[in-house]
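In what follows, a structure is listed as structure tokens, so that the remarks can point back to it.
What follows is calculated from the coordinates using simple rules that are stated; it is not laboratory data. Because the structure is a prediction, the values reported are computed rather than measured. Neighbour counts are summed over all protein chains in view; Cβ atoms, including those assigned to glycine, are modelled from backbone coordinates with ideal geometry.
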């Protein structure tokens with residue numbers, strides 16, 4: 001490992017003491033290329049860094065878009081308050097725009113950091129909640145008798161199934177490459193968690209979950225299934241296999257019952273709005289027309305007048321007015337990001353967080 005990478009690893013372990021050296025080494029074995037990070041150095045040492053993983057895609061309004069994930073952004077404690085992370089954020093967003101990546105997401109390490117990311121145009125966009133599994137709604141499914149749980153399946157056996165199943169999910173979901181999925185599986189085992197699959201009588205996978213084991217519960221961090229019946233059967237068999245209660249992490253669901261905790265955990269930021277609007281215009285049944293200005297102080301290329309009518313879109317680069325004129329609204333980039341994610345709520349699964 002290079003001296004710079006060693007300095008980055010040292011800073012990581014200082015700022016994120018919950019991570020151990022083995023995890024950081026694993027991360028850099030997957031994402032150690034300079035294309036995945038920006039740093040600020042002083043006297044040969046990295047004093048601030050930000051990782052931006054651009055291997056993800058996100059299905060938005062029916063189309064796959066390239067998406068970058070900001071991860072492990074940190075500043076040395078003695079260097080904080082100098083605006084270093086702000087410099088890295090601005091540099092990263094401009095670099096993503098130059099690479100024609102229209103969307104950027106992140107999972108802030110603490111709730112307080114949502115306000116920090118908000119300064120750069122990010123808005124809370126992804127929810128999850130927790131509930132205790134109580135054996136419903138399919139506790140008496142007769143097909144459960146022909147199903148079995150398989151623990152810590154080898155990556156090779158589940159990689160193709162996971163990739164196909166995740167990437168065929170409906171719009172509003174994160175898409176993953178096999179390499180990204182492999183990292184999540186490897187890091188789960190490294191942290192003491194385990195994966196479990198539900199196989200039917202033909203030994204075909206129907207559901208898969210990543211589980212965190214604590215002294216008090218089995219916490220299902222992620223799950224993928226081919227049907228609601230399959231995942232419910234997996235939860236039920238998992239509950240029957242352990243004296244510990246099973247707690248499930250879910251995506252947003254307004255009709256769900258027995259929510260024990262609900263909170264935003266992820267944020268999003270539009271990086272290239274003209275590119276994204278082409279997708280939006282071509283896949284949304286627009287009635288009438290919509291005209292608006294966008295104000296984006298960090299990415300000037302987004303500033304301008306946008307016009308949507310039917311399935312067509314036009315963009316006129318210009319400086320937006322300070323106030324609405326002639327009934328044309330002015331949105332800052334965060335407000336318009338919020339508007340689009342309200343129209344199609346997002347889900348993030350199998351993310352490193």
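Post the alpha-carbon centroid distance, region 46-79 to region 158-198, in whole angstrom.
18
Taking the number of other C-beta atoms within 10 Å as the exposure measure, put 27, 16, 122 in order starting with the fewest.
By the 10 Å Cβ count, ascending, the order reads 16, 27, 122.
Once you put a point 7 Å from the Cα of residue 99 and another 7 Å from the Cα of residue 155, both along the Cβ direction, what distance in nm separates them?
2.1
Normalised by the number of residues in the chain, what is the relative contact order in percent for Cα pairs under 8 Å and 6+ residues apart?
19
Percent antiparallel among DSSP beta bridges with both residues in region 3-126, to the nearest 5?
Within region 3-126, antiparallel bridges account for around 80 percent of the total.
Could I have the simple spin-label model distance between residue 328 and residue 132, label points 7 Å from Cα toward Cβ, reported in nm to one decimal?
5.7
Peptides 306-315, 188-197: what's the order by average Cβ count within 10 Å, highest mean first?
Top of the packing list down: 188-197, 306-315.
Mind running the shape call on region 134-244? Use the C-alpha gyration tensor, a ≥ b ≥ c as the square roots of the eigenvalues: rounded below 1.5 for a/c, prolate if a/b tops b/c, oblate otherwise.
Oblate, since a/c reaches 1.5 and b/c is not below a/b.
What list do you get for 47, 210 if you sort them by fewest beta carbons within 10 Å?
47, 210
So for region 268-332: antiparallel DSSP bridges make up what percent, rounded to the nearest 5?
Of all bridge pairs located within region 268-332, approximately 80 percent are antiparallel.
State the label only: which of [x] 31, 26, 21; [y] 36, 28, 17; [z] 55, 24, 16 corresponds to semi-axes √(5λ) of the Cα gyration tensor in Å computed from the shown model?
So the structure-derived entry is [y].
For region 134-244, what relative contact order do you get, as a whole percent, if you take Cα pairs closer than 8 Å and at least 6 residues apart?
This gives 29 percent for region 134-244.
Please arrange 183, 114, 208 by how many other C-beta atoms lie within 10 Å of their C-beta, fewest to most.
114, 183, 208
Which value in nm describes the separation of the simple spin-label points at residue 314 and residue 64, placed 7 Å from the Cα toward the beta carbon?
In this crude label model, residue 314 to residue 64 measures out at 3.3 nm.
Please state the relative contact order of region 3-126 as a whole percent: Cα pairs under 8 Å, 6+ residues apart?
RCO, region 3-126: 20 percent.
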